[in-house]
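The values are calculated or read from the model by the stated rules, or taken from the named source; none is laboratory data. Here the structure is a predicted model, which means the values were calculated and not measured. Cβ sites come from the backbone with ideal geometry, for glycine too, and all protein chains shown count toward neighbours.
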Amino acid sequence: MVGIIAALVIAMFVSVFASSFPDGLEKVAENLGFIDKAEQVVPESAFLIPDYVFGAVDNELWQTSLAGMSGVLIILAVFGVVYLIYKAAGKKK
Amino acid sequence: MHIPDGFIDLKTAVSTAVVSAGVLAAAIYKVKSYFKAKVIALMGVMSALIFALQMINFPILGGTSGHLLGGALAAIVLGPNAGAIVIAVVLIVQAFIFMDGGVIALGANIFNMAIIGVYGSYLIYWLIGKISKKRTIFLISVAVASWLSVVIASFFAALELGISGTYAMGITLKAMVGVHMIIGIGEVVITVAVIAFINKIRPDLILTRERSL
């Protein structure tokens, strides 16, 4: 489907051009001086792909690119599981 | 505008999480009534697409960036109930896999972007759609709904920061809404482009065009 290809292309190739400026909320937090209130409740090591950096490769562009690809595939997998449950439930009826 | 942990206090995090969970449960219940293989596939693709589009931070004035939230996009294609679920899935994956948005603040982020952003924008879209079904009016309703979804979400994010005592309410509201009025323009451009594209190649995929969901 066009949508899946578009999602993969955007996540893998367009994402590397993304601006690294702070986003609206971060900027407001910086300007008003409460950015330091941000806490790391769960240690960074507990996350699979922290900050969209795919750690298994060294190249920065690939780190972003593979992070994007992983995200798209993880989300598709979530809905794939939903689909399987839906089908299984349909058969029982 | 993914709120990190530490920006909002526990009472705000818990109360928004409870409301979010309730609304999402109701949304799942509603979506089940028109659940078909096609709807699940479309939800999956929209969710993946919005995740990808959210990665694209575009620069705005003053060293700030913004990115798509996708609430209006999801709501207009899938209806508000399926749309809310789709955005919630994106936010959950971002919080637990990508460290984007706090884990304790997840309920608040879902509340702002997946609930307020989605149902709010759908309401505007639906109201304008009452006037006429013409293509121009349709695209105007998409533009207005997507701009407002970002602005309302930022208003609620600021409200939560204010209630938490993170910073003075009035100033936070003014700053957050101000910057998101500009970021919202990016949301409009992307949302209108994607919707106009889908409307051209596969108008049947915009589920809200024919009936209300």
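Tallying residues that are more than 18 Å from residue B:161 (Cα to Cα) and either of a type in the set (Phe, Trp, Tyr) or in contact with a Leu (Cβ under 7 Å, 6 or more places away or on another chain) (or both) within region B:115-138 yields 8. Pairs needed: first member in region A:1-21, more than 7 Å from chain B (Cβ to nearest Cβ); second member anywhere, among the acidic types (Asp, Glu); C-beta distance under 9 Å; at least 6 residues apart or different chains. Between residues of region A:1-21 that are more than 7 Å from chain B (Cβ to nearest Cβ) and residues that are among the acidic types (Asp, Glu), the close pairs are A:16/A:60.
Residues that are under 29 Å from residue B:155 (Cα atoms), charged (D, E, K, R) and more than 7 Å from chain B (Cβ to nearest Cβ) within region A:22-59 comprise A:26, A:30, A:36, listed in sequence order.
Residue-wise test of (1) touching a helix residue (DSSP H, G or I) at 6+ places or on another chain (Cβ under 6 Å); (2) touching a residue at least 60 places away in the same chain (Cβ under 8 Å); (3) at positive phi; (4) not β-branched (Val, Ile, Thr).
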residue: B:28; (1), (2), (3), (4): no, no, no, no
residue: B:36; (1), (2), (3), (4): no, no, no, yes
residue: B:42; (1), (2), (3), (4): no, yes, no, yes
residue: B:103; (1), (2), (3), (4): yes, yes, no, no
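A residue that is within 24 Å of residue A:5 (Cβ to Cβ), facing chain B (nearest Cβ under 7 Å) and hydroxyl-bearing (Ser, Thr, Tyr) cannot be found anywhere in region A:66-80.
The condition (being within 19 Å of residue B:152 (Cβ to Cβ) and at the interface with another protein chain (Cβ under 10 Å from one of its Cβ atoms)) is satisfied by just one residue among B:105, B:88, B:75: B:105.
Quick one: is residue B:170 surrounded by fewer than 23 Cβ atoms within 10 Å (Cβ to Cβ) and free of Cβ contacts under 8 Å to residues at least 12 places away in the same chain?
Details: surrounded by fewer than 23 Cβ atoms within 10 Å (Cβ to Cβ): yes; free of Cβ contacts under 8 Å to residues at least 12 places away in the same chain: yes.
The answer is yes for residue B:170.
Can you pull out the residues in region B:176-188 that are among the aliphatic types (A, V, I, L, M) and in contact with a Phe, Trp or Tyr (Cβ under 9 Å, 6 or more places away or on another chain)?
Here is the first cut: in region B:176-188, the residues among the aliphatic types (A, V, I, L, M) are B:176-177, B:179, B:181-183, B:185, B:188.
B:176, B:177, B:181, B:183, B:185, B:188, listed by residue number.
Residue-wise test of (1) buried (at least 24 other Cβ atoms within 10 Å of the Cβ); (2) within 10 Å of another protein chain (Cβ to nearest Cβ).
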position	(1), (2)
B:19	no, no
B:23	no, no
B:26	no, no
B:34	no, no
B:38	no, no
B:44	yes, yes
B:52	yes, yes
B:68	yes, no
B:81	yes, no
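Scanning region B:148-181 for residues that are part of a helix (DSSP H, G or I) and either of a type in the set (Val, Ile, Thr) or in contact with a strand residue (DSSP E or B) (Cβ under 8 Å, 6 or more places away or on another chain) (or both) yields B:150, B:151, B:152, B:163, B:171, B:172, B:177, B:179, B:180. Scanning region B:1-17 for residues that are charged (D, E, K, R) and surrounded by fewer than 13 Cβ atoms within 10 Å (Cβ to Cβ) yields one hit, B:11. Taking the listed residues B:3, B:40, B:110, the one that is among the hydrophobic types (A, V, I, L, M, F, W, C), under 23 Å from residue A:28 (Cβ atoms) and assigned to a helix (DSSP H, G or I) is B:110, with no other qualifying.
Scoring residue A:54 on the criteria (1) in a helix (DSSP H, G or I); (2) under 18 Å from residue B:57 (Cβ atoms) leaves a single failure, condition (1). Could you tell me which numbered condition residue B:59 fails, if it satisfies all but one of (1) within 30 Å of residue A:73 (Cα to Cα); (2) at pLDDT 95 or above; (3) surrounded by fewer than 24 Cβ atoms within 10 Å (Cβ to Cβ)? The one condition residue B:59 does not meet is (2).
Scanning region A:32-49 for residues that are assigned to a helix (DSSP H, G or I) and crowded, with 16+ Cβ neighbours inside 10 Å yields A:32, A:35, A:37.
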